Every structure is written in structure tokens, then in C-alpha cells.
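Each remark here refers to the structure printed beneath this line.
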Amino acid sequence: MSRARAPRVLIAGGAGFLGSHLCDRYIGMGWDVICVDNFHTGNKNNVRHLLSHPYFELVRHDIVNPYHAEVDLILNFACPASPVHYQSNPIKTMKTSVIGTMNLLGLAKRVGARYGHASTSEVYGDPQEHPQTEAYWGNVNPIGIRSCYDEGKRAAETLCMDYHRMHGIAVRIVRIFNTYGPRMAADDGRVVSNFIVQALKGQDITIYGDGSQTRSFCYVDDLLDGIIALTSQDRVTGPINIGNDKEFTVRELAEKVIHMTGSSSKIIQLPLPQDDPKVRRPNLSLARQHLDFTPQIDLENGLLRTIAYFRDQISDDSSVSRK
Ligand code: NAD
Ligand code: UDP
């Protein structure tokens, strides 16, 4: 039996942590999903369960090269998000953010699609305003080791707004604050996955600096609710902060993970990387006002689910690392 044409979304970076959850959500909402990924930090395993779904397609493609498909919505989540990975090839990171974004905005223009962009709290750099509102322009080093990501994302926001103003593209920009959950790669390098994997393996927990720097950790399900609310509505372009506004020091996170895993791991201190932001916490007023967004899952509950995921991953000896 044929079905009426369902709306179609292209999810760039769809085999990554956030992108794969987006694929699940859009398939669940009855959309056709084209997942485009170059598997730099993503993995086919994240979408393996969707491969036989009739409305899901997986395409190995690098967004630095143009791609064409007739779609109604483009969600650009293609970019390594962990400092370890985005710094491993900084020129490629900048190309992905700038050339990749231009390619997908160009596609949006050509086919008349709405375009949703994964921006980041990193556009605020090492912030001098706390918590961060969308009106704050940030404190970013343009020539440091984080700049490929921070400045790439800032340039991408500029491109989004210029395509919006010049060509009338319906753009939605989300500034994502530290989000964690199942399907982060065990070797991703970000703090939540690092601490959980270290704790479960009985390895030292590596705090960079003295651990007094803060982050505000959002569980993936909450973030997706915010993103879908933003991309589904017709009034607000953004940029708009989405995250969780409860703030923790990195040391508090380490202690919580050790306690919740029952691990005997010891905390050690390693040098703080250059330009590591000292504080970060979203002001969520706009998200509350325009999207009725309030995060529901506190750190304890989110960590429980994420620890359970990594426990399974680590105990599954049969899993073959292949991309
Ligand atoms: P991730 O590394 O798991 O996912 C990124 C995905 O993009 C991977 O599947 C990777 O293979 C793919 N990719 C990278 N470069 C590509 C290219 N040139 N062409 C095609 N695919 C490419 O990271 P994530 O946490 O899922 O982040 C997704 C998006 O959200 C990124 O744009 C990131 O900057 C943004 N973001 C995430 C967070 C967070 O806390 N998770 C915070 C702020 C912003
Ligand atoms: N961090 C840490 N140990 C780790 C990984 C990260 O202490 O093993 C710190 C990092 O220096 C930063 C914070 O945790 O202050 C968050 O780092 P992450 O890479 O997750 O994201 P960021 O917010 O820096 O992009």
C-alpha cells in the first residue's frame, strides 16, 4: 500500500551521538530520514537498528562536498564536538563548519527547505557574562587551539543569518550546552563519557586543572525536546540556548560518577588545556518563553541511564569497532 508523501529530513552528522537520536525521533514522527555522515566521529552502530527501516537511508558523504536531495528540512549536526577530535584536524573542523554549512544552506535555498543548525555554547568562549544569554557576544580567542571550533561555529551562525536575510531561508539556530547520554563514543574525550568509562574500568579519573571549572550538563532526551520544539515552530529563528541550567564543578561531577558507579578509581589532576572556559551555564529564558522548554532530567537520573549504557558497551566483548 502506498502512503501519501511524508515530510523528508536530511540529518547531517546523523550517525553521531546527537544526530542518531534525531534520526530515531524523526522516524518515530513518521518522517522520511536521510542520514548523511562521513563517520569521522560517528559510527554506523548508532543507526544500525534503523538500516532496515523503509523510511531510513544512510549515506556516507562529507558535507564539505555538495550534496543534493529533495527534502523539507535540513538539520546540520555534522561536526566533531569533542575538543580532542575537533583539534585533531583543526583545518578540517573549520572546513566542515564553514564550507559544509554553506553547502547545506545552498541546498536549503535550492529546494526551499527549512534549515536547523547545531551551534554551541562555545560561541560565548570563556564567558564574562554568567549565566550566558543569547544577547552576549562572547569572549573568544580567535587564534587558539579551540578557535577552529569556536570561530567555525560563529562563522556558521553568520552564514545562517545571511542566508536568512538575503534569501529568506527559514533558519533555526540552537546553541547547545554540554549534552551527554547513551551513544557518546567511549573514546569521545568529553568529560561525562571519560569519567564514566574511567570509573567503570577502574582507571584514574582525569580532572584537567583543579576541577573548579563549571559546566551545566543536559541529558540528551531533554535537548532533543528543545531542538524539535525549535525546528517545528514558525515564529523564532534564534539563536536560542538549549541545555540544563543546573551548574556543577568538574570535581563534583567526578565525585558523583565515582559514587554512582561504586568505583575504586582515584582522581588525578592533569594540566588544564589552553582557553578552557572557567564557567558555563545557559540562561534559558528565551527557550522557556518561546518553546515552553524546561529540562526534566536531573544529572543523577541522566547519569544513571548513561552509566547503564556504558556498562553494556564495555561488557559487550563481541562488539567490533568498524566504521
Ligand atoms: P559527534 O561527534 O558524536 O557527532 C558529529 C557527527 O558529525 C559524527 O557522526 C561525525 O562523523 C559527523 N561529521 C563530522 N564531520 C563531518 C563532515 N565533514 N561531513 C559529514 N559528517 C561529519 O558529536 P555530537 O555531540 O553528536 O554533536 C553534534 C553536533 O552538535 C555538532 O555540530 C556539535 O558541534 C553540536 N554540539 C554538541 C554539543 C554536545 O554537548 N553534544 C554541544 C554543542 C554543540
Ligand atoms: N575535562 C576533564 N577531564 C576530562 C575531560 C574534560 O576535567 O577527562 C574538563 C575540561 O577541561 C572542561 C570540562 O571538563 O573543563 C568539559 O570538557 P568537555 O571536553 O566535555 O567539553 P567543553 O565544555 O570543554 O567543550
> Quick one: GLY112 ticks every box in (1) more than 13 Å from ligand 1 (Cβ to nearest atom); (2) touching a strand residue (DSSP E or B) at 6+ places or on another chain (Cβ under 9 Å); (3) closer than 20 Å to LEU230 by Cβ bar one, so which box is it?
Replying inline: (2)
> Which of the residues that make up the range 182-206 are within 13 Å of ligand 2 (Cβ to nearest atom) and outside any helix (DSSP H, G or I)?
Replying inline: MET184, ALA185, ALA186, ASP187, ASP188, GLY189, ARG190, GLN203, ASP204, ILE205, THR206
>> Restricting to the range 207-227, and then to whatever is buried (at least 18 other Cβ atoms within 10 Å of the Cβ) and within 12 Å of ligand 2 (Cβ to nearest atom), can you tell me which residue is nearest to MET29 (Cα to Cα)?
In response: CYS218
> Can you tell me which residues in the range 36-60 are surrounded by 18 or more Cβ atoms within 10 Å (Cβ to Cβ) and within 9 Å of ligand 1 (Cβ to nearest atom)?
Replying inline: VAL36, ASP37, ASN38, HIS40, THR41, GLY42, ASN43, ASN46
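Have a look at THR237, THR206, THR214 and point out the one that is within 16 Å of ligand 1 (Cβ to nearest atom), over 17 Å from the mean Cα position of the chain (by Cα) and hydroxyl-bearing (Ser, Thr, Tyr).
Testing whether each residue is within 16 Å of ligand 1 (Cβ to nearest atom), over 17 Å from the mean Cα position of the chain (by Cα) and hydroxyl-bearing (Ser, Thr, Tyr) leaves just THR214.
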> Taking the range 126-149 on its own, how many of its residues are closer than 13 Å to LYS95 by Cα and out of contact with any Ser or Thr (no Cβ under 8 Å at 6 or more places or on another chain)?
Replying inline: 1
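Residues are listed down the side, and each one gets a yes or a no for (1) buried (at least 20 other Cβ atoms within 10 Å of the Cβ); (2) not in a helix (DSSP H, G or I):
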residue: VAL236; (1), (2): no, yes
residue: ASN241; (1), (2): yes, yes
residue: GLU255; (1), (2): no, no
residue: MET260; (1), (2): no, no
residue: ALA287; (1), (2): yes, no
residue: GLU300; (1), (2): no, no
residue: TYR309; (1), (2): no, no
residue: GLN313; (1), (2): no, no
> Which condition number in (1) within 21 Å of THR41 (Cβ to Cβ); (2) of a type in the set (A, V, I, L, M); (3) in contact (Cβ under 8 Å) with a residue 40 or more places away in the chain is the one that ILE99 fails?
Replying inline: (3)
> Does any residue in the range 121-132 that is at positive phi and within 12 Å of ligand 2 (Cβ to nearest atom) come within less than 7 Å, Cβ to Cβ, of a residue that is outside any loop (DSSP other than H, G, I, E, B) and not aliphatic (A, V, I, L, M) six or more places away or on a different chain, and which pairs are these?
Replying inline: GLY125/ASN139; GLY125/ASP150
>> Between a residue in the range 179-202 that is more than 19 Å from GLU300 (Cβ to Cβ) and any residue that is more than 8 Å from ligand 2 (Cβ to nearest atom) and of a type in the set (A, V, I, L, M, F, W, C), which pairs come within a Cβ distance under 6 Å, given they are 6 or more apart or on different chains?
In response: ARG183/PHE17; ALA186/VAL197
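Given the options ASN139, ASN89, name the one that is over 19 Å from the mean Cα position of the chain (by Cα) and either touching a residue at least 12 places away in the same chain (Cβ under 8 Å) or closer than 19 Å to GLY152 by Cβ (or both).
Exactly one of ASN139, ASN89 is over 19 Å from the mean Cα position of the chain (by Cα) and either touching a residue at least 12 places away in the same chain (Cβ under 8 Å) or closer than 19 Å to GLY152 by Cβ (or both), namely ASN139.
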> Filter the range 293-323 for residues that are farther than 30 Å from SER232 by Cβ and touching a Lys or Arg at 6+ places or on another chain (Cβ under 8 Å); which is modelled with the highest pLDDT?
Replying inline: ILE314
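The values are calculated or read from the model by the stated rules, or taken from the named source; none is laboratory data. These figures come from a predicted structure and were not determined experimentally. Glycine also receives a Cβ, built like all others from the backbone with ideal geometry; neighbour counts cover every protein chain displayed.
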